[in-house]
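Notes to accompany the following structure.
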Amino acid sequence: MNPVAILSQRIHVREIKNVASWASGSRENISALWNFARSDDRTTSVNSLWAMTHLPVTDAECLLTLRDEMIDMVLVETDTSKKRMLLQLLREQEYDADNIRTEFLDYCMSKINAECEPYAIRCFCIYAAYKMCRHFPELLAELEEYLDMMQNQPLSPGLKSALRHTKAKIAKHHKPHNQSV
């Protein structure tokens with residue numbers, strides 16, 4: 001398989017899944033896919049990120065090693081498709097309390113109520129922000145304020161779902177320990 005030849009042209013989900021299958025389980029191939037994602041050629045870059053979103057959960061550890069580079073990329077990215085897929089990849093990752101990049105948290109928080117941003121970007125930012133904030137009660141409270149502000153905006157079904165699920169997780173986090181479940 002010549003992934004760069006495939007990724008550099010207009011393709012469909014079948015080809016994306018084939019590339020993801022080729023990369024899966026191989027650090028070398030996932031690294032190559034990531035290098036293609038950083039290509040100056042938009043088509044190659046977008047298709048590579050799209051393939052990465054189709055990697056199975058078994059490749060999560062390998063993707064975790066790329067997190068800082070993904071964050072660096074999303075913080076400066078202007079292409080909506082690339083931002084959406086990078087945030088999709090970052091949303092799936094776990095964040096330890098001692099391993100949170102504040103500039104990425106600030107980025108996510110700033111996008112939650114940015115009505116100029118596509119719904120998917122806002123949704124992924126909600127989920128990623130929650131995963132970072134959940135370790136700190138004061139950050140959870142701040143996130144809840146951002147979510148409360150959303151209720152005055154027109155929301156897509158996806159945003160309503162992200163809002164509802166995240167508020168439920170926050171409420172569960174704030175539940176007094178002496179209450180029975």
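The values are calculated or read from the model by the stated rules, or taken from the named source; none is laboratory data. From a predicted model like this one, the values you see are computed outputs, not experimental measurements. Every residue, glycine among them, receives a Cβ derived from its backbone with ideal geometry; neighbour counts consider all protein chains shown. Just so you know, the surface numbers come from the protein's heavy atoms only, side chains and all, with ligands and any DNA or RNA stripped out. Shrake-Rupley method; radii C 1.70, N 1.55, O 1.52, S 1.80 Å.
Using R0 = 41 Å, the C-beta based FRET efficiency linking Asn35 and Gln153 works out to 0.60. Neighbours of Met73 by Cβ distance under 11 Å: Lys/Arg scored +1, Asp/Glu scored -1, total -1.
Helix 67-76 against the longest principal axis of the chain: what's the angle in degrees, Cα atoms only, rounded to the nearest 10? So the helix axis and the longest Cα principal axis differ by about 80 degrees.
Could you state the angle between the C-alpha long axis of helix 13-23 and the longest principal axis of the C-alpha atoms of the chain, as a value from 0 to 90 degrees rounded to the nearest 10? Roughly 80 degrees, rounded to the nearest 10.
Do you know the relative contact order of the stretch 24-133, to the nearest whole percent, from alpha carbon pairs under 8 angstrom that are 6+ apart?
After rounding, I find 22 percent.
Summing +1 for each Lys or Arg and -1 for each Asp or Glu among the other residues whose beta-carbon sits under 11 angstrom from that of Arg42 gives -2. Along each principal axis, taking the top coordinate minus the bottom one, the Cα set of the chain gives 57, 33, 28 Å in descending order.
Volume per residue for the stretch 67-160 equals 86 cubic angstrom (convex hull of Cα atoms).
Tell me, what % of the accessible area of the chain is carbon and sulfur with a 1.4 angstrom probe?
The nonpolar share, carbon plus sulfur, comes to 50 percent.
Maximal additional length on extending the Met1-Glu61 stretch stands at 19.2 nm, based on 0.36 nm per residue less the C-alpha distance.
All other residues with a Cβ under 15 Å from the Cβ of Arg164 taken together, and with Lys, Arg as +1 and Asp, Glu as -1, what is their net charge?
It works out to a net charge of +3.
The loop-placed chymotrypsin sites (Phe, Trp or Tyr not before Pro) in the stretch 48-146, going by DSSP, include none that has at most 12 neighbouring Cβ atoms within 10 Å of its Cβ. Per the Kirkwood formula applied to alpha carbons, the stretch 22-123 shows a radius of gyration over Rh ratio, Rg over Rh, of 0.95. List nothing, just return the count: lysine pairs in the chain, 8 or more apart or interchain, with Cα separation under 20 Å. The number of close lysine pairs in the chain is 16.
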